[in-house]
Amino acid sequence: MTETVASKPEGTSPWGRRLVVAVPYLWLLVLFLTPFLIVLKISFSNKVVAQPPYEPQLDLAGGWQAVKDFFAGLSLDNYYAIFEYTENIEAYFSSLKIAATATILMLLIAYPMAYAMARAPKTIRPTLVMAVILPFWTSLLIRVYAWIGILDREGLLNASLQWLGIIDEPLEILHTEIAVYIGMVYSYLPFMVLPLYASLEKLDETLLEAAADLGCPPWKSFWQVTVPLSLPGVIAGCFLVFIPAVGEFVIPELLGGSGTYMIGQALYAEFFPNLNWPGACAIAVLLLLVLVVPIAIYQNVQTKEIEGRA
Amino acid sequence: MALKPAQKALGPIRRSFAPWLDPSAVPLIRFENIVKRFGDFTAVDDVSLDIHQREFFSLLGPSGCGKTTLMRMLAGFEHPTSGRITLAGEDLAGVPPYRRPVNMMFQSYALFPHMTVEQNVAFGLKQDGLPKPEIAARVAEMLRLVKLEPFAKRKPHQLSGGQRQRVALARSIAKRPKVLLLDEPLGALDKKLREETQFELMDLQMELGLTFLIVTHDQEEAMTVSDRIGVMNHGKLVQVATPGEIYEQPNCRYVADFIGNINLIEGVVESAGGGEVRVTGEDTPGAFVCAAEAGPAPGSKVALAVRPEKMRVSLDAPPADANNVLQGEVWDLAYMGDWTVLLIKIDGSEKVLRVSRANMTRTEARPIAWDDRVHVWFAPDAAVLLTS
C-alpha cells in the first residue's frame, strides 16, 4: 500500500469533512453501541418483580451517593447463573454444532449452485441471481411455517413419497434435528450462494485456459485455481450464515422438537416466560463474546482481501 | 554490443535458415484448409500454412482478422469447423489443451494471482509430476533467464507490467514446449521496453531452439522478430513471406498498404513485354513503366506500388534518362532527423505522394521547403505491379 499524503483540498473546511464522517459514527453510536450498553448494563442487574423487571435504576437526582449505590448494585451473578444450568451450556454447544453443520451443508450445496450460475450464459445470470433472492420477498416466518406443511406426518413430502410407493410409513421429520437442518439450509442458503457467486463470477477464465495450457486437466485446475481464488467468497459466505445461525430462534422453535434446544430458545425462555431480563441479557452478551472470535477472523480476512486487491 | 555465445554459435546457421524453401523439409506444424465459423461469422477462412521447426513465425493482421483464433486452435481452446492441424505428424483433433506439447503466453499474461512468481513458473512442471529438486532447479534457471530472481517470492500484483510479462514468458517456456505461442506478447509494454524484449525474445529463441508462433497487429514487431510473416485479413491468409519479401514484394494492395508506407498509383496496362509493363495512370496523370517479367493483358486495371524511400525528389530537373517523372508542389514536410518526409501534391490531379529522403549531409545549399515546386521520379524496378 502506498502511503497517501492527506493534502487539504482548497476551500473545504475541516468541519465539513468531520461532519460527513460524523454521520455514520453517530448512527452506529445511537443505534448499535447504546442498545448494546443497555443490554450489558441489564446483564449486570438483578431480577425484580417490577416495571422494568430489574434493578438498580440509575437516579441522578440522588447525587453522587446514588451513583455509588447504582454501581454497588451491579454484579456478575447472572453470568454465574448461566453456568449453573447445564441446559444453557448444552444450548450453547448445540447451537454451535447445529450452526457449523448447517454451514458445511450449505457450502456443499451452494458451491455447485454458484459455480453453475457463474458459468451460465451472461444473459441469464441476472435472472438466476433474481431467483436466488426471490424467497426474501416473503417473510421468513411464513416460509418456515410452509415447511411445517411440507415436513408434517400428513404433509406434502410424506404424501408424495407414499403415493409414489417409496415408503409405507410416514417419515418422522418434523420436530427432529433434521427438520432444523432443512430449515436452516433453506433459509440461509442465499447468503452463502451470493458471496460465492460474486467471487466465482469475477474469476478470469483465461486463468483456467492457462492452467490447461500448462498441462492441468479441468478437474485438477478446479482445485488448484478455482477453489483457491474463490476462498474469500467461501469465507464470507460461511460467516454470513454461521453467525446468525448460532442465534437462530424461529427455525428450532417451529421445526425442532424437544431434542433441539438452541441458545436463541434459551434466551426467549428467560426473557418472556421467566421474565428474567438480566439473565437473558447475560446469555446474549455471552453469545456475543463467543461469536467475537469468528467475527474478528472474518474482518481480518476481509481487510486482507481488500488490501490484496489494491 | 558484444555477441552472446548463442549468437556466435548460431549466427551463421541463422543466416541460412530457410527450411520453407527446401521441398524435402517436413514442417513441424501444418494447418490444412482450416475453417472456423462462430455462428454466421467466418473467423478463419480456408487457411493452409506450414511452420517449420525453429522458425519464428508471426501472424500479422488487424484485430478481428482471425489470427488469434488460428493460434487458439493450435493451443486447443477452439476447434476447427473443418480442416486438420498436425503437430510433428500427429493429428491434434481431439487432443485436449492439457495434452498438447505447446505452451502459450497469454495477452493478459493470465498469471495465477494467488501464487508467487516461483509457483507460477513451477505450475506446469508440477503438472508433469517432475521430482521436486528438478522443478526447483528448472524454476531457478527460468527466473535467471528472465532476470527475475529477486522477485521469486512476490505475488503478481506486486510486480510491474514488464515484470509480469517476464513471469508469463518464464512460465510458458519452463516446460520446454515444442512450440511457444505468443498472443500480442508485447502489446502492454512501452516502446523502449518492447524493443528490448523483442531482442530478448530472439536471443531466447536461438538459445532454446524453440519454434515460436507469435500473433500481433504491430507490423514493426513482426518485422523485427520474425523469420516469416503471415499477413491475415478477414480470416484469409493473404501473404506468407519473409519480412524483406513482404516489404519489397507485397502481393496485393492490402499487404502493401498494411506494412509500412506506400504510394499506390492506380492505372491501366498499356502494353506488356520485354521485361517491362507500361501503365497509363488513372488517378495520377502520366505514363509509367515498371519492371516485370510477365505482365497482365493490356487493358487490365493495376496499381503501381512504390515505397516512399524509393522515390527521388529534386528541385532541379531529373536526369534525361529518368523514367516515371512527375511534377508537383510540396504540401507538407516533416523533418525526422535521419529522414525527411515530404508530401507532394502532383500537378493536375488529387494525388499526394509520400516521398522520404535520407538526410545524408548535414547541410544543404538549398533545402526543399514548403510550397516548393519539385520533380518526383522513380526507377522502373522501384515499383511493384499489383493486380489485386
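The values are calculated or read from the model by the stated rules, or taken from the named source; none is laboratory data. Note that the coordinates shown come from a computational prediction; the quantities given were computed from them, not determined experimentally. Every residue, glycine as well, gets a Cβ built from its backbone with ideal geometry; the counts of neighbours run over all protein chains shown.
Looking at segment A:69-95 only, could you name the residues that are hydrophobic (A, V, I, L, M, F, W, C), under 23 Å from A:THR260 (Cα atoms) and surrounded by fewer than 18 Cβ atoms within 10 Å (Cβ to Cβ)?
Those that are hydrophobic (A, V, I, L, M, F, W, C), under 23 Å from A:THR260 (Cα atoms) and surrounded by fewer than 18 Cβ atoms within 10 Å (Cβ to Cβ): A:ALA81, A:PHE83, A:ILE89, A:PHE93.
Pick out the one residue from A:VAL301, A:VAL285 that is in contact with a helix residue (DSSP H, G or I) (Cβ under 6 Å, 6 or more places away or on another chain) and at pLDDT below 90.
Answer to the check: A:VAL301.
Identify all residues within segment A:192-224 that are aliphatic (A, V, I, L, M) and closer than 30 Å to A:ILE133 by Cβ; write none if there are none.
Those that are aliphatic (A, V, I, L, M) and closer than 30 Å to A:ILE133 by Cβ: A:MET192, A:VAL193, A:LEU194, A:LEU196, A:ALA198, A:LEU200, A:LEU203, A:LEU207, A:LEU208.
Could you list, in sequence order, all residues of segment A:221-230 that are facing chain B (nearest Cβ under 8 Å) and exposed (fewer than 15 other Cβ atoms within 10 Å of the Cβ)?
Matches in segment A:221-230: A:PRO228 only.
Mind telling me which of the residues B:ILE85, B:ILE51 ends up being in contact (Cβ under 8 Å) with a residue 24 or more places away in the chain, closer than 19 Å to B:GLN239 by Cα, in the same structural domain as B:MET223 (by TED's automatic domain parsing) and crowded, with 17+ Cβ neighbours inside 10 Å?
B:ILE51
From A:SER75, A:SER94, which residue is more than 26 Å from A:PRO244 (Cβ to Cβ) and among the hydroxyl-bearing types (Ser, Thr, Tyr)?
After applying the criteria, what remains is A:SER75.
If you scan segment B:53-91, which residues turn out to be in a strand (DSSP E or B) and either under 30 Å from A:LYS220 (Cα atoms) or not aromatic (Phe, Trp, Tyr) (or both)?
Answer for segment B:53-91, where residues must be in a strand (DSSP E or B) and either under 30 Å from A:LYS220 (Cα atoms) or not aromatic (Phe, Trp, Tyr) (or both): B:SER58, B:LEU59, B:LEU60, B:SER82, B:GLY83, B:ARG84, B:ILE85, B:THR86, B:LEU87, B:GLU90, B:ASP91.
So, A:PRO217, is that one at pLDDT 90 or above, in contact with a strand residue (DSSP E or B) (Cβ under 8 Å, 6 or more places away or on another chain) and of a type outside the set (A, V, I, L, M, F, W, C) or not?
no
How many residues does segment B:53-80 contain that are within 14 Å of chain A (Cβ to nearest Cβ) and on the phi > 0 side of the Ramachandran plot?
Final tally of qualifying residues: 1.
From the list B:GLU245, B:GLU266, exactly one residue is modelled with pLDDT of 90 or more, outside the structural domain of B:GLY61 (by TED's automatic domain parsing) and outside any loop (DSSP other than H, G, I, E, B). Which is it?
Only one candidate qualifies: B:GLU266.
Could you tell me which of the residues B:ARG373, B:ARG354, B:ARG312, B:ARG307 is surrounded by fewer than 17 Cβ atoms within 10 Å (Cβ to Cβ) and either without any contact (Cβ under 8 Å) to a residue 24 or more places away in the chain or not β-branched (Val, Ile, Thr) (or both)?
B:ARG373
A:ALA114: touching a Gly at 6+ places or on another chain (Cβ under 8 Å) and not hydroxyl-bearing (Ser, Thr, Tyr), yes or no?
yes
Taking the stated definitions as given, is B:SER172 among the small types (Gly, Ala, Ser) and touching a strand residue (DSSP E or B) at 6+ places or on another chain (Cβ under 9 Å)?
Here the answer is yes, as B:SER172 does meet what is asked.
For B:LEU182, indicate whether it is closer than 21 Å to B:LEU74 by Cα and outside any loop (DSSP other than H, G, I, E, B).
When the stated conditions are applied, B:LEU182 passes them.
List the number of the failed condition for B:VAL279; all other conditions in (1) surrounded by fewer than 21 Cβ atoms within 10 Å (Cβ to Cβ); (2) modelled with pLDDT of 85 or more hold.
Of the numbered conditions (1) surrounded by fewer than 21 Cβ atoms within 10 Å (Cβ to Cβ); (2) modelled with pLDDT of 85 or more, the odd one out for B:VAL279 is (1).
Given the criteria in a loop (DSSP other than H, G, I, E, B) and under 27 Å from A:GLY183 (Cβ atoms), does A:PRO273 qualify?
Here the answer is yes, as A:PRO273 does meet what is asked.
Identify the residue in segment B:92-148 that is basic (Lys, Arg) and part of a loop (DSSP other than H, G, I, E, B) and, among all such residues, is farthest from A:LEU214 (Cα to Cα).
Top of the filtered list is B:LYS147.
Looking at B:LEU186 and the list (1) away from chain A (no Cβ under 13 Å); (2) surrounded by fewer than 22 Cβ atoms within 10 Å (Cβ to Cβ); (3) of a type outside the set (Val, Ile, Thr); (4) under 21 Å from B:GLN205 (Cβ atoms), which single condition is not satisfied?
Failed condition: (2).
Condition first: out of contact with any Phe, Trp or Tyr (no Cβ under 6 Å at 6 or more places or on another chain) and under 13 Å from A:MET192 (Cβ atoms). Now tell me which residues in segment A:107-132 satisfy that.
A:LEU107, A:LEU108, A:ILE109, A:ALA110, A:TYR111, A:PRO112, A:MET113, A:TYR115, A:VAL132
I'd like to know if segment B:33-41 contains one or more residues that are crowded, with 19+ Cβ neighbours inside 10 Å and either farther than 24 Å from B:ARG194 by Cα or more than 13 Å from chain A (Cβ to nearest Cβ) (or both).
Within segment B:33-41, one or more residues are crowded, with 19+ Cβ neighbours inside 10 Å and either farther than 24 Å from B:ARG194 by Cα or more than 13 Å from chain A (Cβ to nearest Cβ) (or both).
Quick one: which residue in B:LEU143, B:LEU180 is crowded, with 17+ Cβ neighbours inside 10 Å and within 14 Å of another protein chain (Cβ to nearest Cβ)?
B:LEU180
Could you look through segment B:85-138, keep only residues that are at the interface with another protein chain (Cβ under 8 Å from one of its Cβ atoms) and of a type in the set (S, T, N, Q), and pick out the one that is farthest from B:ILE51 (Cα to Cα)?
Only one residue fits best here, namely B:GLN127.
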